[in-house]
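The values are calculated or read from the model by the stated rules, or taken from the named source; none is laboratory data. As the structure is a computational prediction, the values presented were derived from the model and not from experiment. Here Cβ is always computed from backbone atoms with ideal geometry, including for glycine, and neighbour counts include all displayed protein chains. Just so you know, the surface numbers come from the protein's heavy atoms only, side chains and all, with ligands and any DNA or RNA stripped out. Shrake-Rupley method; radii C 1.70, N 1.55, O 1.52, S 1.80 Å.
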Amino acid sequence: MATGLYGISFGALSAVAGLSVGQTATLSLLLFSGGSQFALVGVVAAGGSPVAAVATSTLLGARNTLYGAVVAPLLGVRGWRRLAAAQLTIDESTAVAVAQREPAATRAGFWVTGLGVFALWNAFTLLGALAGDALGDPRAWGLDAAAGAAFLALVWPRLAARAAQVVAALAVGVTIALVPLTPPGVPVLGAAAAAIVAGLVAPSRAAEEGR
Amino acid sequence: MSAAVLWATVLVASLASFALKLAGHLVPEHWLATDRVQRTSSLVTVALLVSLVVVQTFTDGQALSVDARVPALAVAAVALAWRAPFVVVVVLAAATAAGLRALGWG
């Protein structure tokens with residue numbers, strides 16, 4: 001249910017950003033990572049360059065690499081199944097898989113969640129894209145405001161730790177400073193660069209506090 | 001962006017996404033299990049999402065701006081503090097901006 005409604009929001013915002021129904025559906029089929037997809041259409045909507053859109057989307061997808069390293073030993077698959085498992089490696093399937101205690105339940109949890117989310121996400125993305133295309137002026141419906149709210153909802157559960165709050169404040173400052181100075185899309189990458197520096201130089205203890 | 005450029009953007013980003021996922025399945029787990037890698041990854045995710053909130057809400061091209069999107073974001077934050085589900089947050093924000101614009105502001 002949550003995936004379905006989330007998919008409709010993405011499809012509608014993607015249409016508003018100027019992506020065709022085919023392009024929106026392709027993102028959900030091939031890119032298949034909600035946050036990265038929202039980020040890509042967000043940068044496109046803000047007038048960012050293709051390079052900035054790809055870079056933002058890819059940086060946001062980097063966490064899937066960490067998820068892959070966690071679930072691969074639990075799944076123990078080879079060949080084409082490994083490719084399928086890689087494509088289904090996202091927040092939801094990883095969270096469900098690692099929450100199980102029995103190896104069989106871990107594997108079932110990963111595949112059922114991954115395939116279920118994949119089916120729902122693609123179906124509802126398509127619906128959202130068709131609806132978004134039919135709506136007309138996105139501003140009159142407040143859809144431009146919905147994009148900011150969607151990103152806030154995605155980051156909200158990640159703001160509990162003190163280090164995350166500090167980096168969030170840093171990201172706000174860097175973004176506001178860079179918006180007037182750089183082309184659209186670059187401020188977001190600047191915020192990411194600041195976070196990489198913060199993550200590498202900050203002492204470990206600071207990151208542990210408040211977890 | 002033209003349709004061809006948009007398609008290229010979509011396909012390159014999709015390829016990069018899959019490559020990152022597959023890399024996680026192929027590299028030894030201990031390469032990525034270090035505290036520093038995990039921490040930096042989670043902080044980058046936070047920074048990107050927060051920056052996107054700012055860009056989507058407070059900018060118009062290369063100018064900083066305040067319009068109906070700002071109160072809409074405030075409504076979204078209140079809804080999140082009350083643990084509203086994702087879609088309720090998004091719909092409330094859109095309705096706030098749409099309502100304010102219907103009244104002639106922002």
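Being at the interface with chain A (Cβ under 8 Å from one of its Cβ atoms) and touching a strand residue (DSSP E or B) at 6+ places or on another chain (Cβ under 9 Å) is the filter here; which residues of the stretch B:55-106 pass it?
B:PHE58
Cβ-Cβ below 6 Å, separation at least six or inter-chain, first residue in the stretch A:15-31 and facing another protein chain (nearest Cβ under 7 Å) and under 9 Å from B:VAL10 (Cβ atoms), second of a type in the set (A, V, I, L, M, F, W, C) and open to solvent by less than 30 Å² (accessible area, probe 1.4 Å): which pairs?
So the pair list comes out as A:GLN23/B:LEU6; A:GLN23/B:VAL10; A:THR26/B:VAL10; A:LEU27/B:VAL10; A:LEU31/B:ALA13.
Among A:VAL179, A:VAL201, A:VAL197, A:VAL174, which is crowded, with 21+ Cβ neighbours inside 10 Å, out of contact with any Leu (no Cβ under 9 Å at 6 or more places or on another chain) and outside the structural domain of A:GLY42 (by TED's automatic domain parsing)?
Result: A:VAL174 is the single residue among A:VAL179, A:VAL201, A:VAL197, A:VAL174 that is crowded, with 21+ Cβ neighbours inside 10 Å, out of contact with any Leu (no Cβ under 9 Å at 6 or more places or on another chain) and outside the structural domain of A:GLY42 (by TED's automatic domain parsing).
Quick one: which residue in A:LEU60, A:LEU74 is in a helix (DSSP H, G or I) and under 20 Å from B:VAL44 (Cβ atoms)?
Exactly one of A:LEU60, A:LEU74 is in a helix (DSSP H, G or I) and under 20 Å from B:VAL44 (Cβ atoms), namely A:LEU60.
Looking at A:ASP91, is it charged (D, E, K, R), farther than 16 Å from B:LYS21 by Cβ and outside the structural domain of A:PRO183 (by TED's automatic domain parsing)?
Working: charged (D, E, K, R): yes; farther than 16 Å from B:LYS21 by Cβ: no; outside the structural domain of A:PRO183 (by TED's automatic domain parsing): yes.
So A:ASP91 does not fit the description; no.
From the list A:VAL167, A:VAL186, exactly one residue is more than 9 Å from every other protein chain (Cβ to nearest Cβ) and touching a residue at least 24 places away in the same chain (Cβ under 8 Å). Which is it?
A:VAL186
In the list A:ALA150, A:ALA146, A:ALA168, which residue meets the criterion of being at pLDDT 95 or above, among the small types (Gly, Ala, Ser) and under 17 Å from the mean Cα position of the chain (by Cα)?
On inspection, the qualifying residue turns out to be A:ALA168.
Filter the helices (runs of 4 or more DSSP H) completely within the stretch B:1-92 down to those with at least 2 residues that are surrounded by 19 or more Cβ atoms within 10 Å (Cβ to Cβ).
B:3-26, B:35-58, B:69-81
Which of the following residues is free of Cβ contacts under 8 Å to residues at least 60 places away in the same chain, open to solvent by 10 Å² or more (accessible area, probe 1.4 Å), among the small types (Gly, Ala, Ser) and within 7 Å of chain B (Cβ to nearest Cβ): A:ALA145, A:ALA119, A:ALA134, A:ALA153?
On inspection, the qualifying residue turns out to be A:ALA153.
Across the stretch A:1-39, what is the number of residues that are within 11 Å of the chain's Cα centre (by Cα) and either not in a helix (DSSP H, G or I) or not assigned by TED's automatic domain parsing to the domain that holds A:ASP144 (or both)?
2
If you take the residues of the stretch A:89-116 that are open to solvent by less than 30 Å² (accessible area, probe 1.4 Å) and under 23 Å from B:ARG39 (Cα atoms), which of them is farthest from the chain's Cα centre (by Cα)?
Taking the candidates together, the pick is A:ALA97.
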